[in-house]
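In what follows, a single structure is set out as structure tokens and then discussed.
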Amino acid sequence: MPSRLTVVLLSLLVTAPAVIFWLWLVILPIGNEILCPEECRCEAEGHLVNCKEADLNSIPSNIPTHVRLLELSGNSITCFENDSFVSRGMVELDGLTANICKLRKIEVGAFNGLKNLLLLSMSGNEISEIIPGTLEKLSGLQFLGLDFNIIEHLESDVFNGLINLKVIALGGNKLQYLNPDTFLGLSNIQGLHIPTESSIINSIILKIIAISSCNARSVSLETFANISALKILDVSYNNLRSVDINILKALPNLFALSLYGNPLQCDCELQEVWRWCQDHNIHTASREIAPECDTPSEVEGIWWGVLENGRCLQGKIQYYEDYKNTNYSCTPINVMDMDRMVDKHIEMYYSKMISLSLNQYELPVSAVFFIFGTTGNIIIIIIIICNKDMRTVPNMYILNLAISDIIYLTVLLSENCEYKIHYARVSSYNSCAYYSFFRRVSVGLAAYSIVVLSIQRYRVTVYPLHFRDFSKPTWRTTGATIFGVWIVAALFAIPAARSQYLCVQHALLLRTKYYQHVVIFQLLVSCVLPLCVIAFCYIVTARHLVESSRSISEGTQNSQLNARKSTAKIVLGLTVVFLISYVPYHFSEMYLYSSINFDKPVSKIVDERVWFLTLDDITSFLKLFLSINSCLNPVALFCTSLAFRKQFKRYLTCCCKPKSIPTDFELE
């Protein structure tokens, strides 16, 4: 049997690396403070620099050189000069936003050195021309926003070199002429927002065209003659009275047609368009917005589904039946179907990684877990508090475990409710740190409560006489132990609360290694070390029970062994629940973040990892999976303890309170 000195030395040897690792994670952010311009905010360890509306006349010179996202919108930067960014060391930029900056001129070579740039948005400025060669070196660019400027013409070679460009926004400009071959060399172009309806476009892969909010009175068939791959056509919020049916016939792959926001004339010509959309399953509504009739007056303001009740005679339409009181239904465009068509690289810029698949079920699932788990754990608390015979030392650790489970379920439900209200992940650092801290505290409390319970059972079983001799200070020792568990859990939760990565909802910021280290630390202190201690205690306890059973007389063997086995079953049940929830969670999280190669550009990381774009889904699933532990702990107690099972039945069936039976948890 191992001596007490051996156990202490082994404990120090096991816990020392974890303590050193924790000190390093706490001190590291202090030693790596980012020098940030006074006018800007540096977030996510300097990977995001926000200089929005800071009254800047030029780009600050002391921006961190490792910045990934730079926000310059709302300033008075009138010119991007040659080597504007490379001269300041900002060669690792992934995203640059300079909207409404009074930007007038962009010199050739302004974007030199930005080979990793994925997003460039310069909307709402005063740019009148883009000189050929200005964008030539941005080979990795995928999104280009030039909408709402005063550009009047574009040369055919202005977009040369943008081999990875997927979306161009040119709406709101004053383009008088657009060369048909302007987009022909863009082999990956998928989305185009142009400000005029008369331009002819040549592209064999273009999937999205937006001609919205342009005061367009008509759309020409010639515009769409050479883009047969088009799948989404947006002509919303214009002055269209109708649409040529031949346009739809020229687009065999069309999936969605956005016509809402136009003063449609619901006549025989538009009826053909409506029927074509119905027959070819072309969606015309986006969520709750659908095309409405403006004329004739009897159908004004009614969704264009009223055309179903129209009858054309000699080119004139007449409506019959009770068309005004009919509920016209529409099939909105399915977001997931659109995601299948549009490359998901573009979706991260618009949705900022807000998932639409799992998140809609996250709140109801967490609510079900909250109700089930909280009910079971509250019953455990009531059983222990309201029954004198159940207020034993081991049950105090179980009480602490129940409280930790309630904390986790409450934090998870609160976070999901806030997400549902604001339709976005928690962006405030205070709120994010709060949720991260208490989530990790609850996980630590659960793990360490089981560890302490295992150690307590080990001491009672292996050293029963010694434990009985010092039984008087047991309650004081128990309270101090539980308080120590809370202190350790709170201290070990600090790195998770300080990891600002979780508070920044942008895929391009998955570049900081600090949270990768935090995940490894959490795996070590919340999974590996607790399992080692539990396994050691359980193996030594089982060995002692086998050896002691040989020296006990047959008459007393059954009673002593049964009492000890009953207690061992409870610890084993809680350990099994711990294994099926905590172990998969921590190992999956570690694999998720440690498998990212930070030395590669973001564009290559995105290309190599499909799950990268569903990071929010994976994180949500893991958090819900972890809540299984909080829900199953009461079930484990119910299945392994006769005393708890009888009390469970009593409270669940609302029976009269019987006299408390002796518990299996007596220290002796």
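The values are calculated or read from the model by the stated rules, or taken from the named source; none is laboratory data. No experiment lies behind these values; they were computed from the predicted model shown. Note that we place each Cβ from the backbone using ideal geometry, even for glycine, and neighbour counts take in every protein chain shown.
Before we move on, is I151 touching a strand residue (DSSP E or B) at 6+ places or on another chain (Cβ under 7 Å) and assigned to a loop (DSSP other than H, G, I, E, B)? Judged against the criteria, I151 is not a match. Being out of contact with any helix residue (DSSP H, G or I) (no Cβ under 6 Å at 6 or more places or on another chain), surrounded by 17 or more Cβ atoms within 10 Å (Cβ to Cβ) and at pLDDT below 75 is a description that does not apply to L233.
For R88, indicate whether it is basic (K, R), buried (at least 22 other Cβ atoms within 10 Å of the Cβ) and within 34 Å of the chain's Cα centre (by Cα).
Numbers: basic (K, R): yes; buried (at least 22 other Cβ atoms within 10 Å of the Cβ): no; within 34 Å of the chain's Cα centre (by Cα): yes.
No; evaluated as a whole, the condition is false for this residue.
Looking only at the range 377-397, residues that are of a type in the set (A, V, I, L, M) and within 33 Å of the chain's Cα centre (by Cα) come to 1 in all.
Helices (runs of 4 or more DSSP H) fully within the range 265-352 that include at least 1 residues being of a type in the set (K, R) and modelled with pLDDT of 85 or more: 268-279.
Residues that are surrounded by 20 or more Cβ atoms within 10 Å (Cβ to Cβ) and in contact with a strand residue (DSSP E or B) (Cβ under 6 Å, 6 or more places away or on another chain) within the range 292-309 comprise E292, C293, V299, W303, W304, listed in sequence order.
Which count do you get for residues in the range 181-224 that are over 37 Å from the mean Cα position of the chain (by Cα) and either basic (K, R) or at pLDDT 65 or above (or both)? If you could, list the steps in order and put the result at the bottom.
Of the residues in the range 181-224, the ones over 37 Å from the mean Cα position of the chain (by Cα) are 181-182, 196-202, 215-224.
Remaining after also requiring either basic (K, R) or at pLDDT 65 or above (or both): 181-182, 201-202, 215-224.
Matching residues across the range 181-224 total 14.
Test K623 against the criterion of being at pLDDT 65 or above, assigned to a helix (DSSP H, G or I) and in contact with a Leu (Cβ under 9 Å, 6 or more places away or on another chain), and give yes or no.
Details: at pLDDT 65 or above: yes; assigned to a helix (DSSP H, G or I): yes; in contact with a Leu (Cβ under 9 Å, 6 or more places away or on another chain): yes.
Yes; evaluated as a whole, the condition is true for this residue.
Here are R543, R511, R550, R498: which of them is touching an Asp or Glu at 6+ places or on another chain (Cβ under 9 Å), at pLDDT below 80 and of a type outside the set (G, A, S)?
Values: R543 fails: touching an Asp or Glu at 6+ places or on another chain (Cβ under 9 Å); R550 fails: touching an Asp or Glu at 6+ places or on another chain (Cβ under 9 Å); R498 fails: touching an Asp or Glu at 6+ places or on another chain (Cβ under 9 Å).
Just one listed residue meets the conditions, R511.
Of all residues in the range 71-84, those satisfying the criterion of being surrounded by fewer than 22 Cβ atoms within 10 Å (Cβ to Cβ) and either among the hydrophobic types (A, V, I, L, M, F, W, C) or in contact with a Phe, Trp or Tyr (Cβ under 6 Å, 6 or more places away or on another chain) (or both) are I77, C79. Checked against the criterion of being outside any loop (DSSP other than H, G, I, E, B) and under 30 Å from the mean Cα position of the chain (by Cα), the candidates L138, L117, L96 yield just one match: L96.
Residues in the range 215-223: is at least one out of contact with any Asp or Glu (no Cβ under 9 Å at 6 or more places or on another chain) and surrounded by 15 or more Cβ atoms within 10 Å (Cβ to Cβ)? Within the range 215-223, none of the residues are out of contact with any Asp or Glu (no Cβ under 9 Å at 6 or more places or on another chain) and surrounded by 15 or more Cβ atoms within 10 Å (Cβ to Cβ).
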